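Single-structure report; data block below.
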Amino acid sequence: MNIPNVENPEKYVGLYIVDFGEYCSVGFNADEVAEILESKELSDVKVYKIHRVNPDGKMEIKGVSKELFELEAGLFFYSSSLDQAQREYKSLVNIAVTSMPPSRAKVHLSKLDEDTYVTCLIYPAEADDEFSQWLLDNNYKTSGNVRGGISVVNEYYDVNAQVIERHQLFPAKSIETKTGDELLTSLKLAVQR
C-alpha cells in the first residue's frame with residue numbers, strides 16, 4: 001500500500017485510510033468509512049486507522065475490521081445504590097460539558113434489578129480507544145465494578161433494563177461528512193481533507 005504524502009499529517013490522527021487495491025485514499029472519517037463499507041461494489045476494501053504521526057511525518061496505522069463499523073461498544077459502571085449511581089452518571093455527563101467526547105455517545109443511568117444500578121456509556125465501536133483515553137484524561141472514577149466491550153452492550157440491550165435517566169453526547173469537533181454521490185465521486189482522491 002502506497003500512502004499518499006499529506007501536508008500537516010498530525011491533523012489526520014484519528015482519521016482513516018481506505019485501501020481500494022489499486023490505490024488508497026487518506027482522511028476519511030468514521031461515518032464515511034461506514035458508508036463505503038455498505039457499498040457492495042466496495043466490499044473488498046481494507047481500512048486502517050491513523051493512530052499517531054512520527055516527527056518525520058510517517059503515520060502509524062492499525063488495520064480495522066469492517067464489522068467494527070456496524071457495532072456499538074460501551075463501558076458499564078455498576079453500583080449497588082441509586083445515590084452512588086446518580087453521582088457517577090452526573091459526573092460522566094459533567095465531564096462531557098467541560099471536555100467534549102471523541103464521538104457521539106449515549107449515557108444511561110439504569111436499574112438492572114433490585115440491588116443493581118449501572119451507568120452506561122455507549123458509543124460506536126470504532127471509537128473504543130478514544131473513549132477509554134477520554135475517561136482517563138478526565139480522571140473519571142467510580143466505586144463499583146466496571147465492564148466494557150461489544151458483548152456487554154448486547155447483554156444490556158437484551159435485559160431490557162429500566163432507564164432512569166439518559167443523555168446524548170456529541171463530539172468536540174465535527175468534520176464535515178461527505179455522503180452519497182459526493183462521497184462516491186471523491187473516492188479516487190488521494191487525500192480527502
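The values are calculated or read from the model by the stated rules, or taken from the named source; none is laboratory data. Just so you know, these numbers come straight off a predicted model, no measurement behind them. For neighbour counting, all protein chains shown are included, and Cβ atoms are generated from backbone atoms with ideal geometry for every residue, glycine included.
Here are the numbers for this structure:
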quantity	calculated
Selection within the stretch 1-12 - without any contact (Cβ under 8 Å) to a residue 60 or more places away in the chain and under 19 Å from Lys46 (Cβ atoms)	Met1, Asn2, Ile3
Residue match in the stretch 24-39 (condition: touching a Pro at 6+ places or on another chain (Cβ under 6 Å) and not in a loop (DSSP other than H, G, I, E, B))	yes
Candidate set: the stretch 1-23, residues that are assigned to a strand (DSSP E or B) and not hydroxyl-bearing (Ser, Thr, Tyr); chosen: the one nearest to Asp129 (Cα to Cα)	Ile17
Lys111 being modelled with pLDDT of 95 or more, surrounded by fewer than 20 Cβ atoms within 10 Å (Cβ to Cβ) and under 14 Å from the mean Cα position of the chain (by Cα)	no
Any hit, the stretch 90-105, residues being modelled with pLDDT under 95, closer than 21 Å to Val159 by Cα and loosely packed, with under 13 Cβ neighbours inside 10 Å	no
Residue that is modelled with the highest pLDDT [pool: residues in the stretch 158-175 that are in a loop (DSSP other than H, G, I, E, B) and of a type in the set (A, V, I, L, M, F, W, C)]	Ala161
Pairs where the first residue, in the stretch 45-69, is more than 13 Å from Met1 (Cα to Cα) and the second is among the acidic types (Asp, Glu) and assigned to a strand (DSSP E or B), C-beta under 9 Å, 6+ apart	Ile50/Glu60; His51/Glu60; Arg52/Glu60; Val53/Glu60; Asn54/Glu60
Matching residues in the stretch 120-171 - criterion: being in contact with a Ser or Thr (Cβ under 8 Å, 6 or more places away or on another chain) and surrounded by fewer than 13 Cβ atoms within 10 Å (Cβ to Cβ)	Asp137, Gln162, Val163
Entirely in the stretch 93-157, the strands (runs of 3 or more DSSP E) that have 1 or more residues that are farther than 19 Å from Lys49 by Cα and touching a residue at least 60 places away in the same chain (Cβ under 8 Å)	105-113, 146-149
Some residue of the stretch 147-158 being farther than 24 Å from Leu15 by Cβ and in contact with a helix residue (DSSP H, G or I) (Cβ under 7 Å, 6 or more places away or on another chain)	no
Selection count, the stretch 7-47, where residues are of a type in the set (D, E, K, R) and within 14 Å of Thr179 (Cα to Cα)	4
Qualifying positions in the stretch 39-54 - farther than 15 Å from Lys11 by Cβ, loosely packed, with under 11 Cβ neighbours inside 10 Å and not small (Gly, Ala, Ser)	Lys40, Glu41, Asp44
